[in-house]
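No lab work stands behind these numbers, since they all come straight from the coordinates. All figures in this text were calculated on a predicted structure; none of them were measured in a lab. Note that we place each Cβ from the backbone using ideal geometry, even for glycine, and neighbour counts take in every protein chain shown.
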Amino acid sequence: MARLKIIFILLIILFFVNITKAQNFNAQLLGGMNVAQVDGDSYGGYNQPGIVGGFSIYRNKNSKYNYGFELLYSQKGSHKKTTPEDPLIFRLRYNYICMPLFIDFKQLGVSLKKITIRAAVSPNIKTTSKVDFGYGWANNSVRPFEISGLVSINYKFNEQLGIMIRHENSLVSIGKPAATQFYKVSRHGLYNRLVSFVVSYDLK
């Protein structure tokens, strides 16, 4: 399975590289930080940091829209904060290769010329998943694929450099809880939720 994932990812990269050779397509480097949680465990708060990075290929459809693809490595998960009153350890770590298919909405208003909204649906491939209940890391059985929805507010400092604030959430459950002590038994399944702060750089 791991070998098939690597082959699939390489094919996607080659596809993206070939697209950039076509007329009217642009490339964009992306890199930043996630703060994540998992809906379905018993602990709220975006306490799990991680990295996100990759690139996008997009086309300027017209003055109002862009459309394109991203290819990202993204770290997600959950982290329970411990206290003297509650010393139990609980951590989830999920790593994904993400492939958002997006549309950028431009011309939002005269005073918002530097701002665009990006909406995307993202099929994601899990590369690793693990859990720690206080006895060390162990494999955590969640689904090998995820579908998530993503909304991003993008601000461009100039023609090349920008920043994105993004919110992403699993659209379907990524798996079922294995230990009810650390999960909400009233909700069926686990769902990644994260906020990302991403720097973008357009290649000219």
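Please compute the modelled spin-label separation between residue 163 and residue 62, points set 7 Å along Cα→Cβ, answer in nm with one decimal.
My value for the distance between the label points is 3.3 nm.
Work out, in µm²/s and without decimals, the Stokes-Einstein translational diffusion coefficient of the stretch 45-117 at 25 °C, 0.890 mPa s, Rh from Kirkwood over C-alpha pairs.
Approximately 159 µm²/s, per Stokes-Einstein.
I'd like the FRET efficiency for residue 199 and residue 137, computed as 1/(1 + (r/R0)^6) with the beta carbon distance as r and R0 of 35 Å, rounded to 0.05.
Efficiency, from the Cβ-Cβ distance: 0.70.
Fewest Cβ neighbours within 10 Å first, please rank 173, 141 accordingly.
Ordered by Cβ neighbours within 10 Å, fewest first: 141, 173.
So what's the gap between the Cα centers of the stretch 40-65 and the stretch 73-138, to the nearest angstrom?
The stretch 40-65 and the stretch 73-138 have Cα centres separated by 8 Å.
State the volume of the convex hull built on the alpha-carbon positions of the stretch 49-189, expressed per residue in Å³ and rounded to an integer.
151
Can you tell me the Rg and the Dmax, both Å, for the Cα atoms in the stretch 118-182?
In order Rg, Dmax, the Cα atoms of the stretch 118-182 give 16.7, 50 Å.
Where does each of 188, 167, 79 land when they are ranked from fewest to most other beta-carbon atoms within 10 angstrom?
188, 167, 79
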